[in-house]
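J.: Supplied in structure tokens, the structure appears directly below.
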Amino acid sequence: MTPLPTPPQPAPAVSSHPTPPPPPAPPPPTPAHPAPGAMASSEEDGTVEEKENNNKRRTKSALATAWLTFYNIAMTAGWLVLAITMIRFYVKKGTHKGLYRSIARTLKFFQTFALVEVGHCAIGIVRTSVIVTGVQVCSRIFMVWFVTNGIRQIQNEESVILFLVVWTVTEITRYSYYTFKLLNHLPYFIKWARCGCCRPLAGI
């Protein structure tokens, strides 16, 4: 038997209406601009914070200056007391023997109290090396407590009286220089004595 022919398939219907184009992509979002009031508020907040920080710095600076002024006045007065005591002792006795014992307590107190200067450098209210200041102060404390105070045989030696006189003159000049400088009223004589005369003796 002869197979029957396959009937032709109908062609797909073609629509008379064209396919609509895809909708356009939405435009990119416009960055939101802060309102003028918000900008003014943020600027005011920044100004307030800056003013508060400046006020805190000024307060700290004023407190540091007040403390340093008090400290230098106290140390100047202490070394002046030592100088007056030594002069009165020598005028009364006519000799340097026994001079160290008459000022030992005052000397040890004010020389030991100078350890505060290491703390000044450590916390930053004085721009000086902590190591240098520590070596200078501790070397003097060692001389007072462990050498002169520990060895009684040398207390009447002329060398001990010599370094006492040098220390006294140097410290009176140094602390008075710092005091007047903090008060913004530095006499020329103090400046000359500090820079030209007593600075070479400061390491003794």
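J.: Would you tally the net charge around THR148, using a Cβ to Cβ cut-off of less than 11 Å, leaving THR148 out, and scoring K and R as +1, D and E as -1?
T.: On the way: positive: ARG101, LYS108, ARG140, ARG152; negative: GLU157.
Neighbourhood net charge equals +3.
J.: Residues with beta-carbon under 11 Å from that of PRO187, excluding PRO187: net charge, scoring Lys, Arg +1 and Asp, Glu -1? Before the final figure, lay out the partial values.
T.: Values: positive: LYS181, LYS191, ARG194; negative: none.
After counting each charged neighbour, the total is +3.
J.: Then there is this: Under the definition of Cα pairs under 8 Å and six or more residues apart, what whole-number percent is the relative contact order of the range 52-201? Mind showing how you got there, number by number?
T.: Values: 106 pairs, mean separation 47.9, N = 150.
After rounding, I find 32 percent.
J.: Report the Stokes-Einstein translational diffusion coefficient (µm² s⁻¹, integer) for the range 55-127, Rh taken as the Kirkwood radius over Cα pairs, at 20 °C with viscosity 1.002 mPa s.
T.: On the way: Rh = 14.4 Å.
Translational diffusion coefficient: 149 µm²/s.
J.: Between VAL91 and THR65, how high is the FRET efficiency from 1/(1 + (r/R0)^6) when r is the Cβ-Cβ distance and R₀ = 25 Å? Nearest 0.05. All intermediate terms of the calculation are to be shown ahead of the outcome.
T.: Numbers: r = 39 Å, r/R0 = 1.55.
Calculated transfer efficiency: 0.05.
J.: Modelled label-to-label distance, PHE113 and ILE73, 7 Å Cα→beta-carbon offset: nm?
T.: Those two pseudo-labels are separated by 1.3 nm.
J.: State the dimensionless ratio Rg/Rh of the range 52-201 (Rg: radius of gyration of Cα atoms; Rh: Kirkwood radius).
T.: For the range 52-201, the value is 1.03.
J.: Still on this model: Give me the lysines in straight-line cross-link reach of LYS108: C-alpha distance below 19 Å, same-chain residues under 8 apart excluded.
T.: LYS97
J.: Dipole of the range 52-201, Cα-centred, from +1 at each Lys and Arg C-beta and -1 at each Asp and Glu C-beta, to the nearest 20 debye?
T.: Working: 19 positive and 5 negative charges, 44 e Å.
Dipole of the range 52-201, to the nearest 20 debye: 200 debye.
No lab work stands behind these numbers, since they all come straight from the coordinates. Keep in mind that what you see is a predicted model, and the values were worked out from it rather than measured. Note that we place each Cβ from the backbone using ideal geometry, even for glycine, and neighbour counts take in every protein chain shown.
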